[in-house]
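Read the structure below first, then the notes.
The values are calculated or read from the model by the stated rules, or taken from the named source; none is laboratory data. The model shown is predicted, which means the values in this text are computed figures rather than measured ones. Cβ sites come from the backbone with ideal geometry, for glycine too, and all protein chains shown count toward neighbours. In case anyone asks, the SASA skips ligands and DNA or RNA and just uses the protein heavy atoms, side chains included. Shrake-Rupley method; radii C 1.70, N 1.55, O 1.52, S 1.80 Å.
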Amino acid sequence: MTTEPVAEPAAEPDAADRLGAALRGFADVVVRTGAAPAELAAAAATVEQLAQRLATGEPHERVHDSPYHPMSLVGGTAHPIAPQLHVAASVEGVSGTVLLGPAYEGGPGLVHGGVLSLVFDHVMGQAVFSAGHSAMTVSLEVRYEAPTPLEVPLAVSAWVEGTDGRKVFVAAQVAADGVVTARARAVFVQLTADNVARIFPAGRVPSELPPRP
């Protein structure tokens, strides 16, 4: 007698991730909805009640141990408005895809240029982190080469081009359907322990800087 393997039950999503996904979905509905004013008012009242419910207790002061933490403004699985860009690291840098919906619209049907700048700054930081540097952006230059469409998978990549002392030089690009729509270049500066102690609130970042590559 043979028995069929029993499928493992699907894991329940983390509660914070589930809430973040629900809120991102809600924001997508809000910018599309044609509901009547009475429905909008009722929804607003419900959201206000939920906000009061979650505001109880002490705020959670999360440690930002990497650019990949769940409350990251880009890619954060628990963040209520974060574009869901998830990248993989390789020897060339980092790359991944993101689909931006109407919540990120600038011109009609197009991604807002400021959102692309946000994505660039973040993915470049991921490339710098993956290369073993602890650094912050000093300058960021974006060149928009073509309109970037909404609701199309966008290929995003970033890589470290070189270093000079504490400076780290980074480049990145976004492409839609194989066509590069925007490119960026940036300079990051590596942090010292004194920088970290002076800039960041105590307890919000790891006590040790990552090792130099």
Legend entry - Share of pairwise Cα separations in segment 103-177, more than 13 Å, in percent: 67
Legend entry - HN-Hα J in Hz across segment 113-129 - Karplus 6.51, -1.76, 1.60, θ = phi - 60°, x for Gly and Pro: x, x, 5, 4, 4, 4, 4, 4, 4, 6, 5, 5, x, 5, 5, 5, 4
Legend entry - Residue among PRO102, PRO70, PRO201 with the largest mean-square fluctuation in a Gaussian network model of the chain, springs linking Cα atoms under 10 Å: PRO201
Legend entry - Accessible-area value, HIS60, 1.4 Å probe, nucleic acids and ligands omitted, Å²: 130
Legend entry - Segment GLU151-ARG166, length gained on full extension (0.36 nm per residue, minus Cα span): 1.6 nm
Inset, instruction - Measure off 7 Å from each Cα along the Cα-to-Cβ vector at LEU73 and ALA35, then give the distance between these two points in nanometres to one decimal. - result: 2.8
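If you scale each eigenvalue of the Cα gyration tensor by 5 and take the root, what three semi-axes come out for segment 56-137, rounded to whole angstrom and sorted largest first? Before the final figure, lay out the partial values.
Details: eigenvalues 95, 81, 23 Å².
Gyration-tensor ellipsoid for segment 56-137: 22, 20, 11 Å.
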Legend entry - Rg(Cα)/(2.2 N^0.38 Å) for the chain, N = residue count: 1.20
Inset, instruction - On the protein heavy atoms, probe 1.4 angstrom, tell me the percent of accessible surface of the chain carried by carbon and sulfur. - result: 58
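Mind checking the per residue accessible area of the chain for me, 1.4 Å probe, whole number of Å²?
62
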Inset, instruction - Would you mind finding the longest exposed-site-free stretch of the chain, with exposed GluC sites (Glu not before Pro) meaning DSSP loop and at most 10 other Cβ atoms within 10 Å? - result: 62-207
Legend entry - Distance in nm between pseudo-label sites at VAL180 and ASP17 (7 Å out along the Cβ direction from Cα): 3.4
Inset, instruction - Grab the Cα-Cα distance for THR192 and GLU92, subtract it from 0.36 nm times how many residues apart they are, and report the gain in nm with one decimal. - result: 33.4 nm
Inset, instruction - Compute the acute angle (0 to 90°) between the alpha-carbon long axis of helix 37-54 and the principal axis of greatest extent of the alpha-carbon atoms of the chain; round to the nearest 10°. - result: 60
